[in-house]
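Structure first, then comments.
The values are calculated or read from the model by the stated rules, or taken from the named source; none is laboratory data. In this text the structure is predicted, and so the values were computed from the model without any measurement. So basically every Cβ, Gly included, is an ideal-geometry build from the backbone, and we count neighbours across all protein chains shown.
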Amino acid sequence: MHALLRGSMPPASVSAAAAVLLAASLLLAARGAAATTINVTTLADAGAGSLRQAIADAAPGDTINFAVSGSIVLTSGPLVLDKTLLIAGPGASALAISGNRTQPVFTVTGSEVSLFGLTVRDGRSDQGAGVFNSATLTVADCTFSGHRTFTGAAIENSGGLGVYRCLFTKNHTDVYGSGIHNTGTARIVDSTFEDNDADSGGAIFNAGTATLSGSTLARNLAFASGGAIRNADGATLSIINTTVSGNDAVGGGGIHNSGTLTIVSSTLTGNTGLAGNGILNNGAALLRHVIIANNGTGANCSGAVSSAGYNLDSGASCQLNGPGDRGSTDPLLGPLGDQGGPTATHELLPGSPAIDGGDPAGCTDTAGGLLFRDQRGYTRSVDGDANGTAVCDIGAYEVGAVPLPDADDDGVIDSADNCPIVFNPDQADGDGDGVGDACDNCVDVFNPAQTDANGNGIGDLCDGTAVPSLTLSRVQLSADSSGRGRGRISISGTLDTTAAGGASAFLGALQSGCTVNVSGAGLGVSETIEFPACAKARRCTGNGKATARFTVRAGNLVRVSVTAPGRTFPPPLASAPISVTLSTQGADQQGATPSCSVRGRRSQTAVCK
């Protein structure tokens, strides 16, 4: 077992890695893409069956698998990923891709690239010796080791980056961020950074926007500042359920912040620095439910930090004055080790004042939402002090907690997961229908019902097999007793595209309104019903009135149709009954009251009787 990461590819992670592939495959299918799987059959750097050849042969959206294990040693330059690809390795302990200590390993410029189940090692370059990313990159269950650069030894990111359950170890930069140097956006989950070194930001240097959760940063070194993390001027960093332990720097042994920093439900301990053993802050730093304790022999904090309450400082240097804050208090932490979950933590020993020391209303994330898990993925809140009341603990660890169900191992508990059977830690839901993009069979159109009449895996809304339903709740024509004259038409209706609906082009057209046309022998009226709120394809209502001359007689045909800009319905629009009534103020020449109705799935024409 690795010192901090519980195996480079534990069984749970193998399942999760497969779930990454499944999620990406489903997403491509939902967008109507046809993908091919290419197998790598040799460890050679180039030629038939090689990874380099597979990348060259792949079309956008393809998947590359491996029928080999061992090490691929690059000798002819980096592997350039310039298209949407999934590279699915057999596990970080089974397959390594090496830069041979002479060249970088991956350059990512394609729109969406996923790498998992690999070790990426021994890269050399000025930036991003392991991976240089300027696109959208997801890495899961990978190990990055032995890289050397000026900045971003393992990963240099200027695009969008997601890192899940990865290990970064023994990387070096001469300047910034030996694990990750981020100038774009980054989300780092359930990962370990250990024994890395840099001039600034021993593990992570953030100059963009980043979120770090469920992770451990230990024994990293910065020769200048930010032993574990440097958060630069203008940067934004959120840290949740994370342990920062045993790191060292001249300034900010744990973290040096000059940007915007928020830390919640995390533990900072055992870090050392000449200024600010735990945190050196000359920016904006906010702490909530944080243990910052026993960092070096001097101050835990250097520079004022703000408190949102329920923090614990073993000294008084952080000057915490929020509700529930505790100063000059020893949290009674156990050593860093495997306490369950994907990363190492410090347990709270019996009698720790951090046990049930949090907000009685619950631990919360950076957005104020309740945290249901600790760093290990175990339940919050628990009655750890056995006084009959469950209150969350201060720091990254919850005493007495048990693992929460998380079938896809994405760090989001099943009850809160918008796609509980497919790995989707970012919970992306582009169309806002409550179904995560990783599971959505029509990712660009609001379709919570996920209807798929032909069973092809592509939602009816995206493959053209479904149509929206229009219900005209009232189309009333009033005339004099002869059925002739000048009367008033009142129209109201509801357009519903939540369960089935037209293509996105139609939905966009609805923003400028639909015209409802009522026509028949001697009757010619057009009235517009506006549906201004249909931009996201939800249930919309509208109404309108018009005055026109018309004649109604027995046997007249009355037809109702709907026109959106550029498209006319029917056929086919209605999938729910449409009712149209025609009435007069008296009897017609045959002594009957003219009326007509339209009902049925497709028909929108009625005979007045």
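General remarks:
- Scoring residue 335 on the criteria (1) assigned to a loop (DSSP other than H, G, I, E, B); (2) surrounded by fewer than 23 Cβ atoms within 10 Å (Cβ to Cβ); (3) not hydroxyl-bearing (Ser, Thr, Tyr) leaves a single failure, condition (1).
- Residue in the range 275-293 that is charged (D, E, K, R) and surrounded by 23 or more Cβ atoms within 10 Å (Cβ to Cβ) present: yes
- Hits in the range 171-196 - residues which are over 24 Å from residue 377 (Cβ atoms) and crowded, with 24+ Cβ neighbours inside 10 Å: 171, 173, 176, 177, 178, 181, 182, 196
- Candidates 71, 93, 111, 98, filtered to the one that is of a type in the set (S, T, N, Q) and touching an Asp or Glu at 6+ places or on another chain (Cβ under 7 Å): 98
- Verdict on residue 297 being surrounded by fewer than 24 Cβ atoms within 10 Å (Cβ to Cβ), in a loop (DSSP other than H, G, I, E, B) and not hydrophobic (A, V, I, L, M, F, W, C): yes
- Hits in the range 321-369 (condition: more than 32 Å from the chain's Cα centre (by Cα), of a type in the set (Asp, Glu) and farther than 15 Å from residue 266 by Cα): 330
- Within the range 283-294, the only residue that satisfies the criterion of being more than 29 Å from the chain's Cα centre (by Cα) and part of a loop (DSSP other than H, G, I, E, B) is 294.
- Qualifying residue in the range 399-408 (condition: in contact with a Lys or Arg (Cβ under 6 Å, 6 or more places away or on another chain), modelled with pLDDT of 90 or more and closer than 16 Å to residue 291 by Cβ): no
- Unique residue being within 22 Å of residue 358 (Cβ to Cβ), assigned by TED's automatic domain parsing to the domain that holds residue 395, touching a residue at least 12 places away in the same chain (Cβ under 8 Å) and in a strand (DSSP E or B) when the list is 280, 261, 274: 261
- Of everything listed in (1) surrounded by 22 or more Cβ atoms within 10 Å (Cβ to Cβ); (2) among the aliphatic types (A, V, I, L, M); (3) more than 28 Å from the chain's Cα centre (by Cα), the single unmet condition for residue 94 is (1).
- In the range 409-427, the residue that is surrounded by the fewest Cβ atoms within 10 Å (Cβ to Cβ) out of those that are at pLDDT 80 or above and touching a helix residue (DSSP H, G or I) at 6+ places or on another chain (Cβ under 9 Å) is 427.
- Every residue from the range 121-150 that is within 16 Å of residue 186 (Cα to Cα) and part of a strand (DSSP E or B): 131, 132, 133, 136, 137, 138, 139, 140
- Flag if residue 104 is crowded, with 18+ Cβ neighbours inside 10 Å and not in a strand (DSSP E or B): yes
- Restricting attention to the range 420-432, the residues that are in contact (Cβ under 8 Å) with a residue 60 or more places away in the chain and either more than 21 Å from residue 341 (Cα to Cα) or touching a Ser or Thr at 6+ places or on another chain (Cβ under 8 Å) (or both) add up to 2.
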